[in-house]
Amino acid sequence: MQACIDHIELTTTAPIQLIDITARVRERVRARGLRHGLVTVISNHTTARVNLNEHEERLQQDMITFLQRLVPRDGDYGHNVAPVDGRDNAHAHLLGLFANASESIPVHDGELLLGTWQSVFFVELDGPRPQRQVSLQLLGEL
């Protein structure tokens with residue numbers, strides 16, 4: 001078994017945004033030559049997550065609306081009194097409690113084993129951001 005690390009760079013343009021990164025993950029798996037194994041996709045940020053879900057435009061908007069209603073940006077949050085980096089982003093940290101920072105996806109014959117309707121999403125919770133990163137750890141037959 002071998003292991004390697006790769007990265008996907010992203011720019012986000014909205015406060016809450018779902019970006020389908022499935023094609024980029026597939027490309028990295030193929031480029032690294034992973035035949036059989038596992039790819040773990042992890043957000044390198046506390047205010048962004050990784051999620052497997054359906055890529056359907058109306059559903060994605062429903063998800064954004066749900067997240068905005070679940071934890072409103074303008075809530076009375078202690079973290080916003082003295083934010084570490086000057087961003088009033090307590091809502092984004094709180095939303096992160098309800099999502100995964102990473103997803104592990106099996107790879108067989110060089111293909112991601114995703115269901116018919118599954119896509120890999122980067123979920124921005126504190127955008128827009130000029131620079132975001134997702135790391136990939138590939139384990140298996142390279």
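Details
- Treating r as the C-beta distance of Leu70 and Glu141 and R0 as 30 Å, the FRET efficiency rounds to 0.15.
- Potential extension, Asn44-Glu57 segment - 0.36 nm per residue separation minus Cα distance: 2.1 nm
- You can think of it this way: the chain between Trp117 and Gln131 has 2.2 nm of extra reach, that is 0.36 nm per residue less the Cα-Cα gap.
- Net charge dipole size for the chain [Lys, Arg +1 and Asp, Glu -1 on Cβ; Debye, nearest 20]: 240
- For the chain, the longest principal axis of the Cα atoms and the long axis of helix 57-70 meet at an angle of about 40 degrees.
- Relative contact order (%) - criterion: Cα under 8 Å, at least six apart; region: the chain: 56
- Percentage relative contact order, region 45-95, counting C-alpha pairs under 8 Å, at least six apart: 39
- Hydrodynamic radius by Kirkwood, which averages 1/r over all alpha carbon pairs of region 1-122, in angstrom: 16.0
- Cα-based helix-to-principal-axis angle, 22-32 vs the chain, degrees rounded to 10: 40
All of the numbers you see were taken from the coordinates with simple rules; none came from a lab. Given the structure is predicted, the values throughout are model-derived calculations rather than measurements. Here Cβ is always computed from backbone atoms with ideal geometry, including for glycine, and neighbour counts include all displayed protein chains.
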